[in-house]
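A.B. asks: Mind looking over this structure? Questions follow.
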Amino acid sequence: MRTTGYVRVSTDRQADLGISLEAQEAKIRAMATVRGVELEEVIVDGGESAKDLNRPGMQRLLELVENQRIDAIIVAKLDRLTRSVKDLSQML
């Protein structure tokens, strides 16, 4: 299964509150191990808001999905992808 991780923080404060990019990636790697899948890559959006999908890393992730180059995405927490139900539904 072709699997990619995605991590995002919007502010330095978030990094200080325990949801740093490194902490998210560690959770993603642990989940991949539990699921028995190998991560092809972890896409990073640092300093990017989840107000919309117009983020460099998110655009890359959506391109991979659209071109069927990945089968699964792992995130540490759903709100790292988006905070919008509408945007989430467009991703499916």
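The values are calculated or read from the model by the stated rules, or taken from the named source; none is laboratory data. All values derive from a computational prediction rather than experimental measurement. With ideal geometry, Cβ positions are generated from the backbone for all residues, glycine too; neighbour counts draw on all protein chains shown.
A.B. asks: Checking the conditions here, which among Ala30, Ala50 is surrounded by 12 or more Cβ atoms within 10 Å (Cβ to Cβ), of a type outside the set (S, T, N, Q), at pLDDT below 95 and out of contact with any His (no Cβ under 6 Å at 6 or more places or on another chain)? Quick ask: steps written out before the conclusion?
C.D. replies: Details: Ala30 fails: at pLDDT below 95.
Just a single option satisfies the conditions, and that option is Ala50.
A.B. asks: Inspect segment 73-85 for any residue being over 20 Å from Leu21 (Cβ atoms) and touching a Lys or Arg at 6+ places or on another chain (Cβ under 9 Å) and give the result as yes or no.
C.D. replies: Initially, segment 73-85 is screened for residues over 20 Å from Leu21 (Cβ atoms), giving 84-85.
Then drop every residue that is not touching a Lys or Arg at 6+ places or on another chain (Cβ under 9 Å), which leaves 84.
Checked against the condition, which is being over 20 Å from Leu21 (Cβ atoms) and touching a Lys or Arg at 6+ places or on another chain (Cβ under 9 Å), segment 73-85 yields at least one hit.
A.B. asks: Using beta carbons and a limit of 7 Å, which pairs, at least six apart or on different chains, have the first residue in segment 40-69 and closer than 19 Å to Arg29 by Cβ and the second one exposed (fewer than 12 other Cβ atoms within 10 Å of the Cβ)?
C.D. replies: Listed pairs, sorted by first residue: none to list.
A.B. asks: Only residues that are surrounded by fewer than 16 Cβ atoms within 10 Å (Cβ to Cβ) and of a type in the set (A, V, I, L, M): list them for segment 71-90, please.
C.D. replies: Within segment 71-90, Ala72, Leu78, Val85, Leu88 meet the criteria.
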